[in-house]
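Novice: Before we start, here is the structure in question, set down as structure tokens.
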Amino acid sequence: MVPRKIAAGNWKMNGDLAALSQLDQMAGSIDGGCDVVICPPALLIHPMASKAAPGIHVGGQDCHAKTSGAHTGDLAAAQLHDAGATHVILGHSERRADHAETDADVSAKAIAAHQAELITIICVGETEDQRDSGDTLQVISGQLAGSVPDCATAANTVIAYEPVWAIGTGRTPTDDQIAEVHARLRADLSDRFDDGAQMSLLYGGSVKPANATQIFALPHVNGALVGGASLKAADFTPIIQALSKA
Ligand code: 13P
């Protein structure tokens, strides 16, 4: 079995009820050649899932490690599932930076998400300083080992490689740099998990219609986690189509 191809959109703190109209146009481009997931702000999960745009899965952007309790402002994995989410992004670099999330936090959240039957999209990625110091592969392997729990399988876990310096900057790594990290991710996952060769590996960071085809042609790149270019159907649709054809 080969890894599933996935075009995932991370809307971050963008979008409102009116933005749901973008889904109709996006759904029109889906031909079954890849999975499509949109992760909107939590308030939009239920309306988005209820819209039932054919072929579009809906995900959260974070969840708590506990199942319920006194955690003001947080959301439990089961609540995301109840609202209609099938996926959840965990350990995004913005969560790691803004909320001091550690690898251990991410792993605990992933266990909670799997218990709630959510598919986790677990993010790893080096900072520019770490890349400049030649530490990229070591950082990636460390984050992967610490953030992905033992209960991960190819069915419940997707890994996204997002270099922090490429997010929202319009800069992307070279093809060789992406391929090198994805080869390392594949090797680490295959060493640790029986079905590690089947886990989907996404690249994220300034993916646009103009560079999607080239990125999707790289070995061990099974899709993308897209920020800015996932907000508008005019941008996300060609990315979905490029992946479908890859
Ligand atoms: P951009 O596509 O806007 O660079 O964001 C990438 C990202 O962080 C997706 O999670």
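Novice: Counting helices only, and only those DSSP H runs with n ≥ 4, report the 222 nm mean residue ellipticity of the chain as the sum of -39,500 (n - 2.57) divided by its residues, in deg cm²/dmol to the nearest 500. If you can, show how the numbers build up before the last one.
Specialist: Details: 10 runs with 96 residues, N = 246.
Computed ellipticity for the chain at 222 nm equals -11500 deg cm²/dmol.
Novice: Name the long-range amide H neighbours of THR157: under 5 Å, sequence gap of 5 or more, or other chain; modelled H, no Pro or chain starts.
Specialist: Here the answer is THR120, since their amide H atoms fall under 5 Å of that of THR157.
Novice: Can you return the aspartates and glutamates within cross-link range of LYS51? Criterion is Cα-Cα under 18 Å, with same-chain partners fewer than 8 residues away left out.
Specialist: Reachable aspartates and glutamates: ASP16, ASP24, ASP35, ASP82.
Novice: Among the GluC sites (Glu not before Pro) in the stretch 93-124, which ones are in a DSSP loop with at most 12 other Cβ atoms within 10 Å of the Cβ? Mind listing them? Show your work: numbers first, answer last.
Specialist: Details: sites: GLU94, GLU101, GLU117; in loops: GLU101, GLU117.
When the GluC sites (Glu not before Pro) of the stretch 93-124 are filtered for loop state and at most 12 Cβ neighbours within 10 Å, GLU117 remain.
Novice: Additional query: Reachable aspartates and glutamates from LYS12, Cα under 14 Å, same-chain residues fewer than 8 places away excluded?
Specialist: Cross-link targets: ASP62, GLU94, ASP98.
Novice: Sticking with this one: Please turn the phi angles of the stretch 122-133 into ³J(HN,Hα) values with the Karplus equation 6.51 cos²θ - 1.76 cosθ + 1.60 (θ = phi - 60°), one per residue in order, whole Hz, x for glycine and proline.
Specialist: Computed from phi, the couplings for the stretch 122-133 are 9, 9, 9, x, 8, 7, 5, 4, 5, 5, 4, 7 Hz.
Novice: Now, a different point. Hey, what do the phi angles of the stretch 102-108 turn into as Karplus ³J(HN,Hα) couplings, whole Hz, using 6.51/-1.76/1.60 and θ = phi - 60°, x for Gly and Pro?
Specialist: 9, 4, 5, 4, 5, 4, 5
Novice: Could you list which residues have their amide H under 5 Å from that of ILE38, counting only those 5 or more apart in sequence or on another chain, with H placed in the peptide plane?
Specialist: GLY9, HIS57, VAL58, GLY59
Novice: Using the number of other C-beta atoms within 10 angstrom as an exposure proxy, rank SER29, SER230, SER50, SER147 with the fewest first.
Specialist: Working: SER29 17, SER230 29, SER50 11, SER147 26.
Exposure proxy ranking, most exposed first: SER50, SER29, SER147, SER230.
Novice: Using the Karplus curve 6.51 cos²θ - 1.76 cosθ + 1.60 with θ = phi - 60°, what ³J(HN,Hα) values do you get for each residue of the stretch 235-245, in whole Hz, with x for Gly and Pro?
Specialist: With the stated coefficients, the stretch 235-245 comes to 8, 6, 4, x, 5, 4, 5, 5, 5, 4, 7 Hz.
Any read-out appearing in this document is the output of simple, stated calculations on the displayed coordinates, not a laboratory observation. From a predicted model like this one, the values you see are computed outputs, not experimental measurements. Ideal geometry is used to build each Cβ from the backbone, glycine not excepted, and the neighbour counts take in all protein chains shown.
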